[in-house]
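Below is one structure, written out as structure tokens, with a few remarks after it.
Derivation of every value follows stated rules applied to the coordinates shown; laboratory data play no part. This structure is a prediction, so every number in the text was calculated from the model and none was measured. Note that we place each Cβ from the backbone using ideal geometry, even for glycine, and neighbour counts take in every protein chain shown.
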Amino acid sequence: MTLQSPQAIDRDIFSSIKELSGKLVERWRRRDRISQRSLGKSVGRTERWIRELEGGAGTASLEDHIRCAHALRMTASHLFIFLFAVEHKMPIPNELLLQDDLWDLERDILDVVSRHQATAVARLASRGGAAAIRPA
């Protein structure tokens, strides 16, 4: 399987991720009845900056989006699920990214990764013994 190179991931993809994230941050903030000023204060930014982040504009980095999600007690999987799909040229239903709580999906993804890793370790061990899986 070949992933797209970083150069092939268009800047528009990151803009789309930030726009989606901004909308989610706004929805979560409103749901919890938190003002833009209060959220801004909790992440060390201004009310205007939060307004720009929620609108998908401004200079907010992905780290800033993660910081806002965490300040609202949400995980930031909405950023990475979309990015994984783009890198693998797979469609992802927008409805999935509009859900407030992706905790169960995140746990399922982590379980799959854990099982995959355990299988890979077992395969290495069967080929070369325990020495094949010990860190250098």
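Note the direction-averaged projected area, equal to a quarter of the hull surface, for the Cα convex hull of the chain, in nm².
Over every viewing direction, the Cα hull of the chain projects on average to 10.9 nm².
Give the residue from 88, 57, 28 lying farthest towards the positive end of the charge dipole for segment 9-100; charges sit on Cβ (+1 for Lys and Arg, -1 for Asp and Glu) and the dipole is referred to the Cα centre.
28
Is it possible to state the helix-based mean residue ellipticity at 222 nm for the chain, with each DSSP H run of 4+ residues giving -39500 (n - 2.57), the sum divided by total residues, to the nearest 500 deg cm²/dmol? What is it?
-20000 deg cm²/dmol, from helical runs alone.
With label points built 7 Å along Cα→Cβ from the Cα atoms of residue 15 and residue 105, find their separation and express it in nm.
Distance between label points: 2.4 nm.
Given the Cα-Cα distance of residue 89 and residue 66 and 0.36 nm per residue of separation, how much length would full extension add, in nm?
5.9 nm
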